[in-house]
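The values are calculated or read from the model by the stated rules, or taken from the named source; none is laboratory data. Fair warning: this is a prediction, and the values are worked out from it, not measured in the lab. A quick note on method: Cβ atoms are made from the backbone with ideal geometry, for glycine too, and the neighbour counts reach across all protein chains shown.
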Amino acid sequence: MHGGRVRRSRRPRGTEGRTAWAFVLPLVMVELALVAAPMAIGAFYSLYRVDYFELTQFRGLGNYWTVLTSPMVRQALGATVVFSLASLGFTIVFGMALAMRLEADTRVNVWLRAIVLIPYIISMLVGSLLLRWIYATDSGLPGMLLGPFGLGDTSILADPTLAMAALVSNAIWRDSAFAMIVLLAGLKAIPAQLYAAARVDGAGAWMRFTRITLPLMRVPLLIAVVRLLIHFVNVLTFALILTGGGPNNATQTMGLAMYRLGFIDFRIGEANALAILVFVFNIILIGVNLLLFRQRRGVTP
């Protein structure tokens with residue numbers, strides 16, 4: 001102690017910087033190796049005609065024009081829009097309903113939360129195979145429920161509308177748990193005093209939900225919407241395993257279209273071009289969601 005002051009020992013800034021880089025650099029290297037490098041290679045391949053991973057002809061933006069004008073890609077885009085929006089809407093609604101129902105930390109709710117999480121923790125492959133068996137005509141749900149009415153031969157996965165509904169149900173069944181987790185965390189952060197004061201003022205359940213819950217849940221809702229929308233736009237397993245893209249490509253999403261271009265038709269250049277376009281769409285999607293949230297953030301309920 002000198003002159004009434006306590007002298008504090010400070011570590012050199014260079015040492016702190018080296019320590020910080022020691023922690024960050026491995027993660028940066030992994031990100032470069034697993035994300036940036038494959039993306040750069042894919043962007044390079046998208047400019048060429050690729051025959052079995054051999055660059056045979058420089059096409060420039062020709063691959064992009066081919067996929068943009070392809071009827072198959074346009075149909076896949078329409079199926080992706082329908083699947084993504086329907087899945088997102090129902091998943092958010094079911095997730096919010098589950099979060100509000102299971103918000104209280106009772107013993108029963110703890111067990112119910114664990115049960116709801118089961119579809120989310122199992123792999124998408126296993127879940128899709130299970131639903132494919134359930135929707136099977138001979139041994140699944142149609143034969144059991146519709147058989148007594150003489151409609152047991154109804155094939156859900158052979159009808160375009162029913163097949164899309166089955167695909168959406170797969171997404172709802174699995175991802176409602178994720179929405180519940182995010183929204184449940186948001187509900188826990190809302191002070192209970194606000195609801196108590198609203199009850200004193202005579203506000204009903206719907207008024208409390210619209211005036212308190214929804215305005216204070218904007219951030220959790222934004223996180224859930226952006227995360228789920230990106231997931232639904234890019235998911236491959238649901239369509240590949242459950243419907244195979246059928247019937248007549250009615251459920252072929254963009255992820256499945258990229259898979260077929262690259263690994264079935266071996267049109268590697270066009271598959272990479274489509275992947276780059278989907279990546280750009282994802283960036284725009286995130287930017288639009290963030291912009292809308294910023295515009296509404298200053299609006300008071």
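For the reader, a short list of remarks on this structure follows.
- Pairs where the first residue, in the stretch 235-252, is in contact (Cβ under 8 Å) with a residue 12 or more places away in the chain and the second is in a helix (DSSP H, G or I) and among the hydroxyl-bearing types (Ser, Thr, Tyr), C-beta under 7 Å, 6+ apart: 236/259; 237/128; 238/128; 240/259; 241/128; 242/128; 251/243
- Given (1) assigned to a helix (DSSP H, G or I); (2) modelled with pLDDT of 85 or more, number of the condition residue 34 does not satisfy: (2)
- Filter pass, residue 60 being outside the structural domain of residue 251 (by TED's automatic domain parsing), farther than 30 Å from residue 111 by Cβ and of a type in the set (Gly, Ala, Ser): yes
- Output for the stretch 232-268, where each listed residue is aromatic (Phe, Trp, Tyr) and surrounded by 19 or more Cβ atoms within 10 Å (Cβ to Cβ): 232, 238
- Near pairs, Cβ below 7 angstrom, 6+ apart or cross-chain, from the stretch 204-222 (assigned by TED's automatic domain parsing to the domain that holds residue 92 and surrounded by 14 or more Cβ atoms within 10 Å (Cβ to Cβ)) to any residue that is aromatic (Phe, Trp, Tyr) and part of a helix (DSSP H, G or I): 208/195; 212/195; 218/293; 222/293
- Selection status of residue 247, more than 30 Å from residue 292 (Cα to Cα) and within 25 Å of the chain's Cα centre (by Cα): yes
- Filtered residues of the stretch 158-167 (kept if surrounded by fewer than 23 Cβ atoms within 10 Å (Cβ to Cβ) and in a helix (DSSP H, G or I)): 158, 160, 161, 162, 164, 165, 166
- Yes/no for residue 39 being in the same structural domain as residue 250 (by TED's automatic domain parsing) and outside any strand (DSSP E or B): no
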